[in-house]
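The values are calculated or read from the model by the stated rules, or taken from the named source; none is laboratory data. Computed from a predicted structure; not experimentally measured. All Cβ positions, glycine included, derive from the backbone under ideal geometry; neighbour counts span all protein chains shown. The accessibility values were calculated without ligands, DNA or RNA, using every heavy atom of the protein model including side chains. Shrake-Rupley method; radii C 1.70, N 1.55, O 1.52, S 1.80 Å.
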Amino acid sequence: MDKFHSTLSRRDFMKAVGLAGAGVGAVTAASPVFHDLDEVSQIGGVTEKRPWYVRELEYAKPTVEIDWNVIQRQTHYNNWEDHLDQAEKDKRAHMYYDNTKQMVLENNPGNTMFDVAIRHPAWTAVRRNMDYFFGVDGIQQDTPPGFEMGFDPESGHCVISPVWATDLFGIITPDNMGVPRWEGTPEQNAALIRMAARWCGGAEVGYLKADEYTKKLVHKTCGVLPILADKNGKEVVWEDVDQPYETDKKMVIPEKCNNIIVVVIREARNPALMAPSYRADATTAKSYARSIAFDIHFRGFIHAIGYTTAGSGWGPWNNVPFGVLSGIGELGRMRGQITPSCGPLIRKVEVFFTDLPLPTTNPIDFGANRFCMDCGLCAKACPASAIPTFREPTYEITPADDANSNPTKLIPEYFNLSGKKVWPNNDFACHNFWVTSGKHGCAACVASCVFSKDIKSSIHEVVKGVVSQTGIFNGFFANMDHAFGYGIVKDQNMWDNFWFEPDKYWPLEGIETNL
Amino acid sequence: MWSLYTLIWMLIGIALGVGFTVLINRLGQKGISLRLYEWIIGIAGLILFLFTIQNFYTAFQEFYSQAAYMFLLVTGLPAIILMLVSWQLVTRRIKAQS
């Protein structure tokens, strides 16, 4: 038993405690103490903290092969209306409402009254605010007076009432606070913006330059969406001006806003796995609604520290490539981003052109794009056959004579951008399934993706680690994913009783539930 | 960060520590020394067994019950076989020596 008996005397023990105390004291004294916000903002990373298996690539050279000489600015993006004549649009819109009504009446799992009821108001929130994507003037003008403490500009008296008191609420600036604007190094700014983005409800953040590459991702004109009728067809240009502005003919991004902030808005996993359904789309709608709140909050912050932004909202650009180029994820077969943290469970990539000095972040490689070659589970799950099943990606885009989903006249250039080696998705067929089935949003591809997994089971991190190092097990892992029953959730109780078991299916996990 | 989940794994860690201590003491008392390959096979089985438990438990939390049972089959069964092989290698070797 001697070898298990402690030989430490009480005297030695107290001596050790004393030494330890002195050590702790010395370390504390030598530790940095923050004297002001400048010092505090030096903490944190310029880039996201990544798992060991994520490799960094060169700027503007992601895992998806891109011929930047071929890439040209698209006129605009459209995945449904522009490919149908009026009679077809009318017919299919009626199918949408009829099928939705029928599913609600039948209490169809995933498409119940509750699923429809939770989905539509989120889009209402989006539509109320979605056109605030150039500067902050629109937000400022539309912000109604609220309850806030301020000072009457005439009398100087303190005012707490539902009136405009001073500029010190809503959108503020260093000028009306009476302080100098924030000045930091690009690296300090990167950490600061990463924190602000998380605070406002965003997830991963990346940084790019507005240069010969990224400017090609901005559409020539603002989209032709009925909900943005006042902006339809306006030309998107850069000018040497101080603030972004908009006229009847154009929308102007200031040349000085030559840095780009890229922020991801994620979507919740559990409902998204019940696809295709209204329920899956409701999490999509929720994330879009959250992105609007994020935009107003985040742009207000940048304005308040003294800088200018143009973006993001329903801005006229392809948002996914900004995430791919800035190293948030890799481009996958389903033409969404696949991220190391949550796979394709990304709803939106927010893009802000700004004059705040920032560094750039590089694209990443963790084997996802290569994995997509041997996997194709998303393509097999797609009810619209909108995702190609062939192995090798191609520079070809969807053929104009593709009869999938019977377009009146398919114009693939409105949803496929030439110049990158991908699996060209037929976005019209995708959207058309949402409309005609009534199962708005679908998300079968997202639910089926091998990278959409939760973080609870350790196997997922093991698979990601192997996939990043070699592609020889890709086919095996894709087959195992299917054999193990992953993908679209088959748990019937989850489909049937989702709404009545919140603790099981949407547990409260800490203060922040968006990660 | 502390949760019931953390506590369970802490208890499993303690149980493993106590188990190994008892095992080594018993082996010492009985004068049994294990070959390196017997240790490797046994420990590999144990690691695979713990991996199975972790994934079995969490697959239910992820709402994939089929995956949970597949883990029992695909990793749990080999784990038990490896531990049994290690045990049988030792007992049969000792039996043969005596």
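Shape analysis of chain B places it in the oblate category; the axes a ≥ b ≥ c from the Cα gyration tensor give an a/c of at least 1.5, with a/b not above b/c.
Considering protein heavy atoms only and a 1.4 Å probe radius, which residues within region B:36-64 exhibit an accessible-area decrease of no less than 50 Å² in the full assembly relative to the chain by itself? So the qualifying set is B:51, B:62, B:63, B:64.
Lysine pairs in region A:187-317 whose alpha-carbon atoms fall under 25 angstrom of each other, counting only those eight or more residues apart or on distinct chains, come to 26. The residue A:473 and residue A:175 beta-carbon pair, evaluated with R₀ = 41 Å, returns a calculated FRET efficiency of approximately 0.10. Evaluating 6.51 cos²θ - 1.76 cosθ + 1.60 at θ = phi - 60° for every residue in region A:345-356, the Karplus couplings come out as 6, 10, 8, 7, 10, 7, 10, 10, 7, 8, 9, 5 Hz, glycine and proline recorded as x.
Across peptide B:69-79, the average count of Cβ atoms from other chains found within 10 Å of a residue's Cβ is 1. The simple Förster model, with R0 at 41 Å and r as the Cβ-Cβ distance, assigns residue A:392 and residue A:220 a FRET efficiency of 0.85. Here each label is just a point 7 Å from Cα along the line to Cβ, and for residue B:25 and residue B:88 those points are 3.1 nm apart.
Amide H contacts of residue A:241 (H built 1.01 Å from N, in plane; Pro and chain starts excluded): A:255, A:256 sit under 5 Å, all sequence-distant by 5 or more or on other chains.
Among the trypsin sites (Lys or Arg not before Pro) in region B:25-98, which ones are in a DSSP loop with at most 12 other Cβ atoms within 10 Å of the Cβ? Mind listing them? Don't skip to the answer; put the middle values down first.
Numbers: sites: B:26, B:30, B:35, B:92, B:93, B:95; in loops: B:30, B:35.
Qualifying residues, ordered by number: B:30, B:35.
Straight-line cross-link partners of residue B:30 among the lysines, defined as a Cα under 18 Å from its Cα and at least 8 positions apart when in the same chain: B:95.
Take the Cβ-Cβ distance between residue A:455 and residue B:18 as r, set R0 to 35 Å, and report the resulting FRET efficiency rounded to the nearest 0.05. Could you put the intermediate results ahead of the total?
Details: r = 30 Å, r/R0 = 0.86.
Taking R0 as 35 Å, the efficiency between residue A:455 and residue B:18 is 0.70.
Based on protein heavy atoms only, region A:194-297 ends up with 36 Å² per residue of surface accessible to a 1.4 Å probe. The simple spin-label model puts a point 7 Å past each Cα toward its Cβ; for residue A:490 and residue B:77 those points are separated by 1.7 nm.
Per residue, the accessible area of region A:453-505 comes to 51 Å², computed with a 1.4 Å probe over protein heavy atoms only.
Could you tell me what % of all Cα pairs in region A:230-289 have separations over 15 Å? Write out the running numbers ahead of the final one.
Values: 1157 of 1770 pairs.
The calculated P(r) of region A:230-289 puts 65 percent of pairs beyond 15 Å.
Show me the ranking of peptides A:353-361, A:78-86 by mean Cβ neighbours inside 10 Å, starting with the highest.
Most protected by this proxy first, the peptides run A:353-361, A:78-86.
Taken along the Cα-to-beta-carbon direction at a fixed 7 Å, the label points for residue B:37 and residue A:199 span 6.3 nm. For the interface of B with A, what's the total buried accessible surface in square angstrom, probe 1.4 angstrom, rounded to the nearest hundred? Counting both chains, the buried surface is close to 1600 Å².
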